[in-house]
Each structure stands twice: as structure tokens, then as C-alpha cells.
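Student: Below you will find the structure I want to go over with you.
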Amino acid sequence: MNKESIKIEINEEYYLKNKKKIIKQFNSLVKVTKNIVSPNFNTKVVENITKQAYIELETLLSRLPYVGGDKSPFTSLMIQSAETLAFYKACKSLDLSDRELGKLIYKIVENYTQSISSFKKWLFRKKVFSNKMKKYWENWMEESQKNRFPGNWVGIFVKGDSNSFDYGFNFTECGWLKLVEKENAVEVAPYACLCDYARMRALGIGFKRTKTIAAGADMCDFRFIKGYQTLKGWPPEDLEENKGN
């Protein structure tokens, strides 16, 4: 770690203390969910699903593992994971197959990300490929290897080769997978991982991956490529990471 060493104060009640902010963020996702679900289900069913999603999220906040708080990029990933899991649990009442629920979650994330303004998408792209962001992630990946937080992601930073990709991560431990295993919802893990494609494609960020821990591999190899058009994440069989699964 360089002289800008990362200092973290452990806060076991972090998510509960930030409940209002998290719920406010969740509201935008709920609006998109209603638009996706409404064409196939009646109003009462849709209202029940969204109401249950809030209940599930609030319940999860007291159980979410702390992964570094405001300073850590893994915190937003953990909150994102909780939101996804909350919707999954709420939608279980629809009596859909795991694949159908996976597709539903994918569509929700895809539409939500597409709804972000063009200016914000441009800012995301500029930030992701900046040298500052690369250094930021390099430091945090090094920090993750200290294993200070059991529920966290753990990985290494991979420098680009100036040809096939700009930079990347090799995650050997996945916070999302740990969470769903703890919450007895591991069946949704591989489907939710596909949402990375939906987000990156909608933001215009070049992204590739050839394997995931959720699908049985030894790691998740994230690669970011400036100027590359990210593939669609659905159907999952079309992706290299799911060949043979």
C-alpha cells in the first residue's frame, strides 16, 4: 500500500444508520420494477411485490456484512446486492422458475441503468477509464487481500496489456455469493451476475468476463476495455462464462 494508506473504522450498524439514504436510492429501482412487472401481473400483485421488497430490504440491512463503509467501493456493491436479493425474495411469490426470476431481475437492472441521463453515463465512462480510478482500484484490491471483513470481495488488480484490455480484477472471493449463501438464495447467484453486463452495456463501458465463481469457476475475471461494446447478458448461454453450464 502506498503512502495514501486506507484507514477504516469498523461500524457494525453502518447500514441501519444509512437506512434513509439506501431506501431513497431503492425508490428509483422500485419505479422501474413496477414498469417491468405491470404488463404481466395485475395491480394488486405488483403492489404486493414492491411492498414486500421494501420489507425484505429493511430486514436485510440489519444482517448485511460490513465491508468498509463510505470509503470502500465494496459498500455500494453490498447495498446493490441487498437490493437485488430483496427483489428476488419478494418476487418468489410469483411462482416463477429460477430462470424466469433471473430474467426478470436482469430486465429490471437493464431498464434502470438505461434510465440514467446521458450526461451521467458520460461521466461514468470518463471516470472508469481514468488513471485515478485505476490507482483507486489497485489500492482497494490490495486492501481486500488483508481479509479484514469476512463478507467482503477479495481479489487482485490486473494491469492492462495495452492491447486486449485496459485493466481488470480477478476476484477469488465474492461478497454477493457469500450473501446469498447465508440467506439461502444461492440459486439466484449466477443470474444476478449477468446484471453486470446489463449495467456496463447501458453505461457504454466496455466489459468482458470469461468465468465466475457463481458458475463454478475458481475466480471472476473482470476486464474493462475502452471503446468495446459490451455483449448482452441474456440469454446466459451466449456468454463465454456460461459455456458448458
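Student: Under 7 Å between Cβ atoms, at least 6 apart or on separate chains: pull out the pairs that start in segment 220-235 with a residue that is farther than 12 Å from Lys159 by Cα and end on any residue that is assigned to a strand (DSSP E or B) and of a type in the set (S, T, N, Q).
Tutor: Matching pairs, first to second residue: Asp221/Asn170.
Student: Kindly establish whether Ala202 is of a type in the set (Gly, Ala, Ser), surrounded by 14 or more Cβ atoms within 10 Å (Cβ to Cβ) and within 21 Å of Ala189 (Cβ to Cβ).
Tutor: The answer is no for Ala202.
Okay, residues lined up against (1) over 18 Å from Leu77 (Cβ atoms); (2) without any contact (Cβ under 8 Å) to a residue 12 or more places away in the chain:
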| residue | (1), (2) |
| --- | --- |
| Glu181 | no, yes |
| Pro190 | no, no |
| Tyr197 | no, no |
| Leu203 | no, no |
| Thr210 | yes, no |
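Student: If you scan segment 148-182, which residues turn out to be more than 18 Å from Thr210 (Cβ to Cβ), more than 20 Å from the chain's Cα centre (by Cα) and of a type in the set (S, T, N, Q)?
Tutor: Ser162
Student: Is there a residue in segment 212-219 that is under 18 Å from the mean Cα position of the chain (by Cα), closer than 24 Å to Lys132 by Cβ, modelled with pLDDT of 95 or more and not aromatic (Phe, Trp, Tyr)?
Tutor: no
Student: Here is a follow-up. Would you confirm, using the coordinates I've provided, whether Val109 is surrounded by 17 or more Cβ atoms within 10 Å (Cβ to Cβ) and in contact with a strand residue (DSSP E or B) (Cβ under 8 Å, 6 or more places away or on another chain)?
Tutor: no
Student: Look through Ile8, Ile36 and report the one residue that is in a loop (DSSP other than H, G, I, E, B), surrounded by 14 or more Cβ atoms within 10 Å (Cβ to Cβ) and at pLDDT below 95.
Tutor: Ile8
Student: Moving to a separate point now. So the check is Cβ under 6 Å with 6+ separation or different chains; which pairs have a first residue in segment 10-29 that's touching a residue at least 24 places away in the same chain (Cβ under 8 Å) and a second one that's in a helix (DSSP H, G or I) and small (Gly, Ala, Ser)?
Tutor: Sorted first by the residue in segment 10-29, then by its partner, the pairs are Asn11/Gly69; Tyr14/Gly69.
Student: I'd like the residue in segment 122-173 that is of a type in the set (S, T, N, Q) and within 26 Å of Gln229 (Cβ to Cβ) and, out of all such residues, is surrounded by the most Cβ atoms within 10 Å (Cβ to Cβ).
Tutor: Checked segment 122-173; the qualifying residue surrounded by the most Cβ atoms within 10 Å (Cβ to Cβ) is Asn170.
The values are calculated or read from the model by the stated rules, or taken from the named source; none is laboratory data. Note that this is a predicted model, so its numbers are computed, not measured. So basically every Cβ, Gly included, is an ideal-geometry build from the backbone, and we count neighbours across all protein chains shown.
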